[in-house]
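Q: One structure is given below, represented as structure tokens, and several questions about it will come after.
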Ligand code: BEZ
């Protein structure tokens with residue numbers, strides 16, 4: 001996926017949304033996390049379910065300090081009409097802004113173009129891309145799904161929690177980790193540092209190599 005990706009700083013773009021004109025850095029703020037997610041187009045079935053599910057989870061994301069920001073490449077008037085369908089289908093108010101990108105400029109700058117799909121006029125369309133942006137305005141994680149595959153919003157919650165824990169404690173999350181389960185201590189943390197940092201104690205898993213690199217801790 002060429003273009004802006006994890007570790008890169010997002011440009012301070014300005015765009016039209018269903019909440020008026022927004023400047024990206026103002027929206028992110030100094031402390032916040034932002035989930036920026038794109039959709040192939042308005043009035044399409046999978047997108048309608050995804051935006052509705054994001055609306056249903058909005059309070060959960062807010063409690064994690066994360067704001068939602070959607071993008072679909074139709075204009076604001078189209079988005080406003082579409083929101084009525086989304087709310088009727090899911091039953092939750094769409095309280096987050098939806099960016100309009102009718103000229104497909106933003107999706108190129110944000111690396112959200114679907115390499116395969118085109119609209120009926122042959123124009124490029126967004127994929128189901130999702131960037132999680134940290135308080136430092138850098139992309140911390142990206143998903144790229146094809147139009148045929150709706151995203152799992154529980155997975156978005158899970159990875160935000162994993163990113164926030166990793167940012168706080170010098171730990172990482174193992175395979176299939178779920179919130180509340182043990183995490184692993186980063187390999188860059190020496191035994192002396194680990195003893196100091198994790199006073200609650202941690203488990204060093206015995207392995208055939210004899211190397212003590214798999215250390216589990218509850219934080
Ligand atoms: C959908 O949201 O359902 C969709 C959009 C574009 C292509 C295929 C499906």
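Q: Name every residue in the stretch 205-219 that is part of a loop (DSSP other than H, G, I, E, B) and without any contact (Cβ under 8 Å) to a residue 40 or more places away in the chain, in order of residue number.
A: Within the stretch 205-219, 205, 206, 207, 208, 209, 210, 211, 212, 213, 214, 218 meet the criteria.
Q: Of everything in the stretch 150-167 that's within 16 Å of the ligand (Cβ to nearest atom) and touching a strand residue (DSSP E or B) at 6+ places or on another chain (Cβ under 8 Å), which residue is farthest from residue 198 (Cα to Cα)?
A: Here is the first cut: in the stretch 150-167, the ones within 16 Å of the ligand (Cβ to nearest atom) are 150-153.
Narrowing the set further to residues that are touching a strand residue (DSSP E or B) at 6+ places or on another chain (Cβ under 8 Å) leaves 150-151.
Values: 150: 39, 151: 35 Å.
Within the stretch 150-167, the match that is farthest from residue 198 (Cα to Cα) is 150.
Q: Same structure again: Identify, from the list 182, 147, 129, the residue that is on the phi < 0 side of the Ramachandran plot and away from the ligand (no atom under 16 Å from the Cβ).
A: When all the criteria are applied, what remains is 182.
Q: Quick check on the stretch 68-88. Is at least one of its residues surrounded by fewer than 14 Cβ atoms within 10 Å (Cβ to Cβ) and within 14 Å of the ligand (Cβ to nearest atom)?
A: There is no residue in the stretch 68-88 that is surrounded by fewer than 14 Cβ atoms within 10 Å (Cβ to Cβ) and within 14 Å of the ligand (Cβ to nearest atom).
Q: OK, next. Looking at the stretch 29-54, which of its residues are farther than 16 Å from residue 145 by Cα and modelled with pLDDT under 95?
A: 29, 30, 31, 32
Q: Here's another thing I want to ask about it. Does any residue of the stretch 45-55 turn out to be free of Cβ contacts under 8 Å to residues at least 24 places away in the same chain, within 16 Å of the ligand (Cβ to nearest atom) and not in a strand (DSSP E or B)?
A: Within the stretch 45-55, one or more residues are free of Cβ contacts under 8 Å to residues at least 24 places away in the same chain, within 16 Å of the ligand (Cβ to nearest atom) and not in a strand (DSSP E or B).
Q: Among the residues of the stretch 74-100 satisfying the criterion of being in a loop (DSSP other than H, G, I, E, B) and out of contact with any strand residue (DSSP E or B) (no Cβ under 6 Å at 6 or more places or on another chain), which is modelled with the lowest pLDDT?
A: 74
Q: A further question follows. Among 4, 28, which is the only one that is farther than 24 Å from residue 76 by Cα and crowded, with 17+ Cβ neighbours inside 10 Å? Give the derivation first.
A: Numbers: 28 fails: farther than 24 Å from residue 76 by Cα.
Selected residue: 4, the only one of 4, 28 that is farther than 24 Å from residue 76 by Cα and crowded, with 17+ Cβ neighbours inside 10 Å.
Q: In this structure, does residue 5 turn out to be touching a residue at least 40 places away in the same chain (Cβ under 8 Å), within 16 Å of the ligand (Cβ to nearest atom) and either out of contact with any helix residue (DSSP H, G or I) (no Cβ under 9 Å at 6 or more places or on another chain) or within 21 Å of residue 152 (Cα to Cα) (or both)?
A: On the way: touching a residue at least 40 places away in the same chain (Cβ under 8 Å): yes; within 16 Å of the ligand (Cβ to nearest atom): no; either out of contact with any helix residue (DSSP H, G or I) (no Cβ under 9 Å at 6 or more places or on another chain) or within 21 Å of residue 152 (Cα to Cα) (or both): yes.
Here the answer is no, as residue 5 does not meet what is asked.
The values are calculated or read from the model by the stated rules, or taken from the named source; none is laboratory data. Model, not experiment: these values are computed from the prediction. No Cβ is skipped: glycine too gets one built from the backbone with ideal geometry, and neighbour counts run over all protein chains shown.
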